[in-house]
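S.K.: First the structure, which I've put down as structure tokens, then a few questions once you've had a look.
The values are calculated or read from the model by the stated rules, or taken from the named source; none is laboratory data. Since we're looking at a predicted model, the values are computed, not measured. Cβ sites come from the backbone with ideal geometry, for glycine too, and all protein chains shown count toward neighbours. Only protein heavy atoms, including side chains, enter the accessible area calculation; ligands, DNA and RNA are left aside. Shrake-Rupley method; radii C 1.70, N 1.55, O 1.52, S 1.80 Å.
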Amino acid sequence: MKAIHVKLLRDLLNMRGAVLTIALVVALGTAAFVTLRGTWLSIVNSRDRYYAAERFGDVFASLERAPNAVLGKLESIEGVARVYPRVVGSARVPLEDLDEPAQAQVVSLPMHGKAPLNGVVLVEGRMPESDRDDEALLIEMFARVHGLKPGDTLPVIMEGRERTIRVVGIAMSPEYVLAVPNGANAPAPKRFAVLWMPRAALESAYDLRGAFNNVVFELAPGSEAAPVIRAADVVLDRYGALGAYARDRQVSDYFLTQDLAGLSSMATVAPLIFLAVAAFLLNVVLSRLVELDRPQIATLKAVGYRNREVGLHYLQTALAIIVLGTASGLLIGSQLGKVFTAVYLEFYRMPSLAFHMTQELALNSVGASFVAGLIGSVLAVRRVVQLPPAEAMRPAAPDNYRNRALTDLILGWLGPGARMIAREILRRPSRTLFSAAAIAASIGIVVTGQFFTDSMAFLFDFYMQKAQRETLAVNFYEPVPESTVHAFASIPGVRDVQWRYTAQVRVRAGHKERIVPLVGHPPRHGMRPLLDDVGHEVPLSPDDVLLTETLATILDLQPGDPFTVLPLTGDRKPIRLRMTGVTKELFALWVHMDAEALRRLMSDAPAATEALLHIDTDRVVDVQREITEMPGVASVVRKDLMVAEFRKQTGDAMGVFSLILTLFAVGIAVSVVYNNARVALSLRGRELASLRVLGFTRREISTILIGELAVQVLIGIPFGLLLGKVLVKGMLAANDPEGFRFPPEMTQHTYAFSVLVIVISAVLSAALVRRKLDQLNLVEVLKSRE
């Protein structure tokens, strides 16, 4: 082994604290890349394989009823490769372990063979026999939650009639990767079932013999969805169509795509931050090593080592740290990836969803780590190569301490210890700023992780409590007169009853349009007030027509501008409206107006599509049971159960996400503070030892060194909080604004927790540094170097 290699091993051993902490940051950057990017790739690849294998449709449309003869017109639309008509109906599944019947969707299966589009994957059991009307497949998620298996029976209420259905198989479909009920804003696997039954059975149950009410299109290669959607709407309009839509608006794929967009954004940002910090720390440590090794560098060059060999020696020091960190990061990332993917498995049901450490992922991770490490090392290595032997034999020129009037004025007000701290910071301002930036990065990461947890808490604990004040929400199959809703007030335990009218409409302004709900609000609508994104009530006068701010932006409308509403139910007569204002809301896109004004415009519009009930606590179950059994009631949703289930689902995922980011941020903070302290101690050990000899106590010299670190932390805190806000806004920008919109404001809890985490990390690092100072050997440090 060459002498220079022996020196390399000795340097790594002597710097083992710095080596381990920098390797930790590299490992965290690699692990973050592997975990987040690997999870994203695993889900995307599984989704794409699943969609392709089961021929998931490209365009979808629901309607009231169309004869099978219409299929010829749909098949002749340019760009359409295949048309698959189906019968799809709503149902309810009352179970003993549910306080309210689960919502269900019943989907037809072809009489012969497999479904040509939106295939069904049999997980367990067998397919229903085509001539049986009491056999069905049950979606796997619902079956797993309720412990159901092939051979079990289910009570299913279809069109007001309860039937006993035998579950002969457990299945999944790309159409229901997430089990999201119609009109819901989140998956509800416990309270939403999907059943697949032979088409003949559903044609009879829903009175659709020789007809269909749902159609799936497969596009020809290279065809666009938009022209097909327009042509399909023209053909199906007379049959009560609710508007065709592309795959990216299909509810399951939409939620999945939004989650993947956020994950992809974080998979890019987080590793970049970690690796940038690692590059900075490598530069600091190697610069310190070069500074201390000046005589040895001169000796190596004097005895014949060329500049390239000496430079490669110091580059090998960096590479050793990078290799250690990258190898650890790959191992950590692969394990965290499995944990992270398992969390997503609670929501996404795919046949082959599992975390895979692909060769491409590993190579990209290693490549990113090495590039970051080399960038951080190149400046220090460049100094080694350019250092002439004669100059290296001399001590480094002392720093310039020339007094300036402003500096003297500032330092004159400080005590001796504070003056030393200030002078050191002014002498090396770039190091202080870069250290503060690294600490700011760690704070920003904690803020990002905490933001989503706090946003969900805001949504559950504040927003939803104000936005949905009812105990039960009752939805009807068909709109009903107002008198039907008020009749609920006679049920014992019902304290108040209100109603709403909601209709799906096509909103058009120029060439831009969207299909959105139009809500008619009665004069008394306190149970569902109109709220903005911070929970303030928005008044609605009889003449107001308010659009969600996002919808107004999409349609390029300003207050006072006219637009057209085309109802997708009833006589479908176009209505001209004029926007009077906008409202900021967290969910979806809406048009709001007074119910009586809406009734005048839609002469055949009944009063209510939904009833809202406030009920005595001890009577909720009885009232719910009584209403559920009434004809015409499509669903009865109990708000407290819905919120609790949603909170549990999102809480687990958000908790894991936040914990991982927080631990990663702690790793950055500890590494930055500890390494800076070690570097300062190495470079200033002689000065600090001299102060001890002159009579300074251990506490006083500790204050000098740790004070510099405290300044870096204090500078980093406000910039870190600002960076966190920027990161959050960047991630939110990746989400579709037409869906759910997280409020971008941070809570005080988010800021306080983020600062506390970093301060505690800094204090722990300072304690380690103080221990090193206490062990300072004055005789060894004050010896002149040979």
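S.K.: Could you tell me whether residue 141 is aliphatic (A, V, I, L, M), surrounded by fewer than 18 Cβ atoms within 10 Å (Cβ to Cβ) and within 19 Å of residue 170 (Cα to Cα)?
M.R.: Numbers: aliphatic (A, V, I, L, M): yes; surrounded by fewer than 18 Cβ atoms within 10 Å (Cβ to Cβ): no; within 19 Å of residue 170 (Cα to Cα): yes.
Against the criterion (aliphatic (A, V, I, L, M), surrounded by fewer than 18 Cβ atoms within 10 Å (Cβ to Cβ) and within 19 Å of residue 170 (Cα to Cα)), residue 141 does not qualify.
S.K.: Check whether at least one residue in the range 549-556 is open to solvent by less than 50 Å² (accessible area, probe 1.4 Å), at pLDDT 90 or above and among the small types (Gly, Ala, Ser), and report yes or no.
M.R.: The first filter runs over the range 549-556 and keeps only residues open to solvent by less than 50 Å² (accessible area, probe 1.4 Å), leaving 550-552, 554-555.
Restricting the remaining residues to those that are at pLDDT 90 or above gives 551-552, 554-555.
When the remaining residues are screened for being among the small types (Gly, Ala, Ser), the result is 552.
Scanning the range 549-556 turns up at least one residue that is open to solvent by less than 50 Å² (accessible area, probe 1.4 Å), at pLDDT 90 or above and among the small types (Gly, Ala, Ser).
S.K.: Can you go through 194, 168 and tell me which one is over 32 Å from the mean Cα position of the chain (by Cα) and open to solvent by less than 40 Å² (accessible area, probe 1.4 Å)?
M.R.: When all the criteria are applied, what remains is 168.
S.K.: Moving on to the next point. Please enumerate the residues belonging to the range 203-229 that are in contact (Cβ under 8 Å) with a residue 60 or more places away in the chain and either among the hydroxyl-bearing types (Ser, Thr, Tyr) or farther than 23 Å from residue 54 by Cβ (or both).
M.R.: 203, 204, 205, 206, 208, 210, 211, 223, 227
S.K.: On to the next question. Can you tell me which residue in the range 526-545 is nearest to the chain's Cα centre (by Cα), limited to those that are open to solvent by less than 40 Å² (accessible area, probe 1.4 Å) and over 14 Å from residue 465 (Cβ atoms)?
M.R.: Result: 533.
S.K.: Do you know which of the residues in the range 747-756 that are in contact (Cβ under 8 Å) with a residue 24 or more places away in the chain and open to solvent by 20 Å² or more (accessible area, probe 1.4 Å) is nearest to residue 532 (Cα to Cα)?
M.R.: In the first step, residues of the range 747-756 are kept if they are in contact (Cβ under 8 Å) with a residue 24 or more places away in the chain; the result is 747, 749-751, 753-755.
Among the residues that remain, those that are also open to solvent by 20 Å² or more (accessible area, probe 1.4 Å) are: 747, 749, 751, 753, 755.
Values: 747: 17, 749: 22, 751: 23, 753: 27, 755: 30 Å.
Checked the range 747-756; the qualifying residue nearest to residue 532 (Cα to Cα) is 747.
S.K.: Pick from 763, 711, 693: which is open to solvent by 40 Å² or more (accessible area, probe 1.4 Å), more than 32 Å from the chain's Cα centre (by Cα), modelled with pLDDT of 75 or more and at negative phi?
M.R.: Numbers: 763 fails: more than 32 Å from the chain's Cα centre (by Cα); 693 fails: modelled with pLDDT of 75 or more.
Only one candidate passes the filter, namely 711.
S.K.: What is the residue count in the range 207-253 for residues that are open to solvent by 30 Å² or more (accessible area, probe 1.4 Å) and within 26 Å of residue 193 (Cβ to Cβ)?
M.R.: The number of residues fulfilling the criteria is 8.
S.K.: Within the range 476-525, restricting attention to residues that are polar (S, T, N, Q) and open to solvent by 50 Å² or more (accessible area, probe 1.4 Å), which residue is modelled with the highest pLDDT? Give the derivation first.
M.R.: From the range 476-525, those polar (S, T, N, Q) are 483-484, 490, 498, 502, 504; that's our starting set.
With the extra rule that they be open to solvent by 50 Å² or more (accessible area, probe 1.4 Å), the set shrinks to 483-484, 490, 504.
On the way: 483: 85, 484: 87, 490: 90, 504: 85.
The extreme case among them is 490.
S.K.: Now a separate question. Among the listed residues 334, 365, 352, 369, identify the single one that is assigned to a loop (DSSP other than H, G, I, E, B) and open to solvent by less than 60 Å² (accessible area, probe 1.4 Å). Walk me through how you get there before you give the answer.
M.R.: On the way: 334 fails: assigned to a loop (DSSP other than H, G, I, E, B); 365 fails: assigned to a loop (DSSP other than H, G, I, E, B); 369 fails: assigned to a loop (DSSP other than H, G, I, E, B).
After ruling out the rest, the residue left standing is 352.
S.K.: Got at least one residue in the range 571-588 being of a type in the set (Asp, Glu), touching a strand residue (DSSP E or B) at 6+ places or on another chain (Cβ under 7 Å) and open to solvent by less than 20 Å² (accessible area, probe 1.4 Å)? Don't jump to the end; show me each part of the working.
M.R.: The first filter runs over the range 571-588 and keeps only residues of a type in the set (Asp, Glu), leaving 571, 585.
Adding the requirement that they be touching a strand residue (DSSP E or B) at 6+ places or on another chain (Cβ under 7 Å) leaves 585.
Now restrict to residues that are open to solvent by less than 20 Å² (accessible area, probe 1.4 Å): none.
Within the range 571-588 (the criterion being of a type in the set (Asp, Glu), touching a strand residue (DSSP E or B) at 6+ places or on another chain (Cβ under 7 Å) and open to solvent by less than 20 Å² (accessible area, probe 1.4 Å)), the answer is no, since none of the residues qualifies.
S.K.: Only one of these conditions is not met by residue 646: (1) surrounded by 19 or more Cβ atoms within 10 Å (Cβ to Cβ); (2) touching a strand residue (DSSP E or B) at 6+ places or on another chain (Cβ under 6 Å). Which number is it?
M.R.: Every condition holds for residue 646 apart from (2).
S.K.: Can you tell me which residue within the range 452-481, out of those that are part of a helix (DSSP H, G or I) and in contact with a Ser or Thr (Cβ under 6 Å, 6 or more places away or on another chain), is nearest to residue 531 (Cα to Cα)? Walk me through it before giving the result.
M.R.: First, pick out the residues of the range 452-481 that are part of a helix (DSSP H, G or I): 452-467.
Cutting the leftovers down to in contact with a Ser or Thr (Cβ under 6 Å, 6 or more places away or on another chain) gives us 453-454, 456.
Working: 453: 21, 454: 19, 456: 17 Å.
Only one residue fits best here, namely 456.
S.K.: If you don't mind, another one. Is it the case that residue 600 is within 30 Å of residue 511 (Cβ to Cβ), open to solvent by 70 Å² or more (accessible area, probe 1.4 Å) and part of a strand (DSSP E or B)?
M.R.: Numbers: within 30 Å of residue 511 (Cβ to Cβ): yes; open to solvent by 70 Å² or more (accessible area, probe 1.4 Å): yes; part of a strand (DSSP E or B): no.
In short, no.
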